[in-house]
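Heads up: the structure comes next, in structure tokens.
The values are calculated or read from the model by the stated rules, or taken from the named source; none is laboratory data. What you are looking at is a predicted structure, and each value in this text was computed from that prediction instead of being measured. With ideal geometry, Cβ positions are generated from the backbone for all residues, glycine too; neighbour counts draw on all protein chains shown. Please note that ligands, DNA and RNA were not included when accessible areas were found on the heavy atoms of the full protein model with its side chains. Shrake-Rupley method; radii C 1.70, N 1.55, O 1.52, S 1.80 Å.
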Amino acid sequence: MSTFLQQLVNGVTWGSVYALIALGYTMVYGILRLINFAHGDIYMLGAFMGLYASRWFHAAENPSPVKALLVLLTSMLLSALIGMLIERLAYKPVRKSPRLSALITAIGVSLLLENGGVLVFGADPKFFPQLIPQKTIALLPGVAVSNQQLIVLVVSIVLMFALRMFVLHTRTGKAMQAVSHNHMAASLMGISVDRIITITFMIGSALAAAAGVLVALQSPKIEPYMGIMPGLKAFVAAVLGGIGNIPGAVVGGLVMGIAEVMVTGYLSPTYRDAIAFVLLIVILLVRPAGIFGKAVTEKV
């Protein structure tokens, strides 16, 4: 029983990271009906922005929660600006083009960020500084959690809750809901659709960057291609929960994390990456719209 509880704790921690990345996918899809395949690479950029921010603040020399928070916020801000540039320069020009054009553009942006990362950061892995010294906390006999895992879980929950409150209770959040329903109607009501789309990209990019920094706290080795697999898994998590649905992205991320850790612990680490695509196939066969998604009839 203790082994199961330990794996469950680990799975919830990783699932919260997938949920943060999946939120970016689901928000952009809800607004634009676009799968932003470059989103996983924003997660990578967030980790590198955190690395350089930690050097700017000398966070590794005298580690403290305040410096770690500064690193996290700086990474989120810089990545949000990068997300804004990507939307303005790459996606906005093809917004009215066929969906295939936007999809190819997203793949192109992803490849540009990955290979650009190799040129800028170098192909060799970099090591993220330990901003918070690791400590082990016993929860139950045989069940322990590190303080870094707790930080990942708490920060993820706070960010997801803040996003939920922002979408439901702010003027901009309500405008985002309106744009997700109908662009034309929203613009007729005086909503700047372009501004809302840009804000959506910025928020999604900031959340992905936060996930990158949080993962780097636990697994300090970062490199330009680190966003490929987490990005794919987070996309599966978004589809699993019902892409376009914010609570669905959170649930899908948790299910993905728990499933991955359970497979690793009880079967074999070899199947760790395969479980994501097994879940995708199952959900597409059983419930194509996802757990919280609604089937939509398209007119031909």
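Tabulated values for the structure
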item: Projected-area mean, segment 193-270, by convex hull of Cα positions, square nanometres; result: 6.3 nm²
item: Relative compactness, the chain, computed as alpha-carbon Rg over 2.2 N^0.38 Å; result: 0.99
item: Partner aspartates and glutamates for LYS126 [C-alpha distance under 18 Å; skip if fewer than 8 residues away on the same chain]; result: ASP41, GLU61, GLU114, GLU223
item: Extent along principal axes [Cα atoms of segment 75-162; Å; largest to smallest]; result: 58, 35, 24
item: Per-residue SASA entry for GLU114, accessible area with 1.4 Å probe, Å² rounded to 10; result: 20 Å²
item: Mean-position separation - Cα centroids, segment 116-193 and segment 75-108, in angstrom; result: 19 Å
item: Cα gyration tensor shape for segment 158-300, rounded if a/c is under 1.5, else prolate or oblate; result: oblate
item: Percentage relative contact order, segment 95-217, counting C-alpha pairs under 8 Å, at least six apart; result: 20 percent
item: Selection from PHE127, LEU188, LEU232 lying farthest towards where the dipole of segment 120-262 points positive, charges on Cβ; result: LEU188
item: For segment 180-300: accessible area per residue (Å², 1.4 Å); result: 49 Å²
item: Gaussian network model of the chain, Cα within-10 Å springs - most flexible of GLY108, GLY257, GLY227; result: GLY108
item: Top of ALA47, ALA59, ALA206 by mean-square fluctuation, Gaussian network on the chain, Cα under 10 Å; result: ALA59
item: Pair-distance profile P(r), taking every C-alpha pair of segment 99-230, with 10 angstrom steps and integer %; result: 10, 27, 29, 23, 10, 1, 0
item: Computed over segment 228-300: relative contact order in percent, which uses C-alpha pairs under 8 Å that are six or more apart; result: 35 percent
item: Mean residue ellipticity (222 nm) of the chain, computed from DSSP H runs ≥ 4 via -39,500 (n - 2.57), nearest 500; result: -23500 deg cm²/dmol
item: Percent of Cα-Cα distances greater than 22 Å, calculated over segment 1-109; result: 48 percent
item: Area of ARG33 that stays accessible when all protein chains are in place (1.4 Å probe, Å², to 10); result: 100 Å²
item: Among GLY242, GLY117, GLY50, residue whose mean-square fluctuation peaks in a GNM of the chain (springs only between Cα atoms under 10 Å); result: GLY117
